[in-house]
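What follows is a short report on a single structure.
The values are calculated or read from the model by the stated rules, or taken from the named source; none is laboratory data. These figures come from a predicted structure and were not determined experimentally. Please note: Cβ atoms are built from the backbone with ideal geometry, for glycine as well, and neighbour counts cover all protein chains shown. Heavy atoms of the whole protein, side chains included, go into the accessibility calculation; ligands, DNA and RNA do not. Shrake-Rupley method; radii C 1.70, N 1.55, O 1.52, S 1.80 Å.
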There are 2 protein chains.
Amino acid sequence: MLSKKTKYAFHALTYLGKNKDQGAILIQEISEFHNISHKFLENILLELKKAGFLGSKKGKGGGYYLIKEPKEIPLSRIIRLLDGPIALLPCVSLNYYEPCEECENQEQCGLNKVMIEVRDETLKILEMKTLQDILSNE
Amino acid sequence: MLSKKTKYAFHALTYLGKNKDQGAILIQEISEFHNISHKFLENILLELKKAGFLGSKKGKGGGYYLIKEPKEIPLSRIIRLLDGPIALLPCVSLNYYEPCEECENQEQCGLNKVMIEVRDETLKILEMKTLQDILSNE
DNA sequence: CATTTACTCTATATAATTTGTAGGTTTTAT
DNA sequence: ATAAAACCTACAAATTATATAGAGTAAATG
């Protein structure tokens, strides 16, 4: 399951995508619309900004706005940013690789091999689906 | 990512699958082979037994053994049993459905719709891959 | 240029979940 | 009878997720 953080990130991105023409949008507007704690959302939006998805403006009339095309934002990137690995095991993660402590020889591990296949199939979906797909369904 | 519980379950099932002919196998044998805490593994094997994957024998000469064909044990069933939902959101889970608190109208939620597609694609893989696939790779 | 507004940053508190442990009970073989 | 090994319940420890606090910085505006 996605963490709330990631789920909220998707809600916020969707909101910003729907209101693209309206310039900077307040954290508060999003947090009220989706019943999300203001401060919690603040942290999330900041991460999304640092990762290059959002821009922001400080001060009066400030807020956040999308700086990428929705179709250029695959689900996989958001999930990795906020939730970490997409792979089901650390030993098959492309971006967060770690060997399994209990395994002496990953080369001979059948679980490892199968999970590589699962990862690749999962990635196909999560890289293909983008914010645009979410927007198209609203 | 899978919890350790689920990962250990796969290791144990694989071990039992590889040693199918040898009758009942001790928890201790598996826990030592895979460096898993004996007591923790005990709980896991018990769950697998209650769910109908394993049989057991008490007392001297006792232990656990597979009672299903490896090809009849899809990854999805083990993951669901020990980790819960496969879906990325509660509102699209087939086995553990819950509405999202922050959503007033799930019918109009684009995230919901996209995550249903992701779930269906993910399930295709996890239902197709079985313990047999893990065994074949060792 | 003072004031208000709203994002930025870091640290911390709280809650929930996962992981692991303890200790006794029941069953079985010898 | 005794020892071996699964069964069961409850709890403890560790980790992670969620949420909050409060001071800092930048921008707009009158």
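The set of residues in the range B:35-48 that are under 17 Å from the mean Cα position of the chain (by Cα) and within 14 Å of chain A (Cβ to nearest Cβ) comprises B:Ile36, B:Phe40, B:Leu41, B:Ile44. Among the numbered conditions (1) under 30 Å from B:Leu111 (Cβ atoms); (2) out of contact with any Phe, Trp or Tyr (no Cβ under 9 Å at 6 or more places or on another chain); (3) assigned to a helix (DSSP H, G or I), the only one that B:Lys39 does not meet is (1).
For the range A:24-67, taking the residues that are open to solvent by 60 Å² or more (accessible area, probe 1.4 Å), among the hydrophobic types (A, V, I, L, M, F, W, C) and touching a strand residue (DSSP E or B) at 6+ places or on another chain (Cβ under 9 Å), the one that is nearest to DNA strand D (Cβ to nearest atom) is identified as A:Leu46.
For the range B:5-23, name all the residues that are over 11 Å from the mean Cα position of the chain (by Cα) and open to solvent by 60 Å² or more (accessible area, probe 1.4 Å). Before the answer, list the steps.
Here is the first cut: in the range B:5-23, the residues over 11 Å from the mean Cα position of the chain (by Cα) are B:14-23.
Selection gives B:Lys18, B:Lys20, B:Asp21, B:Gln22.
Applying the set (1) over 18 Å from the mean Cα position of the chain (by Cα); (2) open to solvent by less than 40 Å² (accessible area, probe 1.4 Å); (3) more than 16 Å from DNA strand C (Cβ to nearest atom) to B:Asn105 leaves exactly one unmet item: (2).
The set of residues in the range B:85-101 that are of a type in the set (Val, Ile, Thr) and either out of contact with any helix residue (DSSP H, G or I) (no Cβ under 7 Å at 6 or more places or on another chain) or in a helix (DSSP H, G or I) (or both) contains only B:Val92. Among the residues that make up the range A:121-137, is at least one of them among the acidic types (Asp, Glu) and buried (at least 19 other Cβ atoms within 10 Å of the Cβ)? Within the range A:121-137, one or more residues are among the acidic types (Asp, Glu) and buried (at least 19 other Cβ atoms within 10 Å of the Cβ). Screening A:Glu104 against (1) under 30 Å from B:Lys7 (Cβ atoms); (2) touching a helix residue (DSSP H, G or I) at 6+ places or on another chain (Cβ under 9 Å); (3) not in a helix (DSSP H, G or I) leaves a single unmet condition, (2). If you check B:Glu138, B:Glu117 for being touching a helix residue (DSSP H, G or I) at 6+ places or on another chain (Cβ under 6 Å), of a type in the set (D, E, K, R) and within 11 Å of chain A (Cβ to nearest Cβ), only one passes: B:Glu138. The residues listed here are B:Gly84, B:Gly63, B:Gly52; of these, the one that is modelled with pLDDT of 95 or more and over 29 Å from A:Glu121 (Cβ atoms) is B:Gly63.
Residues of the range A:79-94 that are within 11 Å of another protein chain (Cβ to nearest Cβ), under 16 Å from the mean Cα position of the chain (by Cα) and crowded, with 19+ Cβ neighbours inside 10 Å: A:Ile79, A:Ile86, A:Ala87. When the range B:58-68 is limited to residues that are in contact (Cβ under 8 Å) with a residue 12 or more places away in the chain and more than 10 Å from B:Gly23 (Cα to Cα), the one that is nearest to DNA strand C (Cβ to nearest atom) turns out to be B:Ile67.
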